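Structure first, then comments.
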Amino acid sequence: MAIYLGNLTTSEMESRLGISLTTEDREKLESIRSNTAKVTNTDKWHCFDIPFVLVCGNYDTAVLVHSILEPYSGDMNQKLEIALDSK
């Protein structure tokens, strides 16, 4: 059983990655962010601190999050994994 710790906000994730999202991208991500780690079968995402992973509740959310973050990938100072919670 894996242990995941933390609840990073959009701004905290942005800071950790060393990127600066546009206001529009930040607002889109924040509107679908979940404060709770249980995102299974939802249109939400949750970012853990340890391990540094962004977990999405369904495939469409994962695709949306990826499409928002992908243009910033060249500026990221570390790797961010996007995972799908499909329990």
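The values are calculated or read from the model by the stated rules, or taken from the named source; none is laboratory data. Every value quoted in this text rests on a predicted model; they were computed, and no experiment measured them. Positions of Cβ are backbone-derived with ideal geometry, glycine not excepted, and every protein chain shown enters the neighbour counts.
Observations on the model:
- Test: N41 is more than 11 Å from the chain's Cα centre (by Cα), crowded, with 18+ Cβ neighbours inside 10 Å and more than 14 Å from L8 (Cβ to Cβ): no
- Answer residue from region 58-87, given it is in contact with a strand residue (DSSP E or B) (Cβ under 7 Å, 6 or more places away or on another chain) and in a loop (DSSP other than H, G, I, E, B) and is surrounded by the most Cβ atoms within 10 Å (Cβ to Cβ) among those: D85
- Scope region 51-65; condition free of Cβ contacts under 8 Å to residues at least 24 places away in the same chain and not β-branched (V, I, T); matching residues: D60, A62
- Out of D60, D85, D25, one residue alone is at pLDDT below 95, of a type in the set (D, E, K, R) and over 11 Å from the mean Cα position of the chain (by Cα). It is D85.
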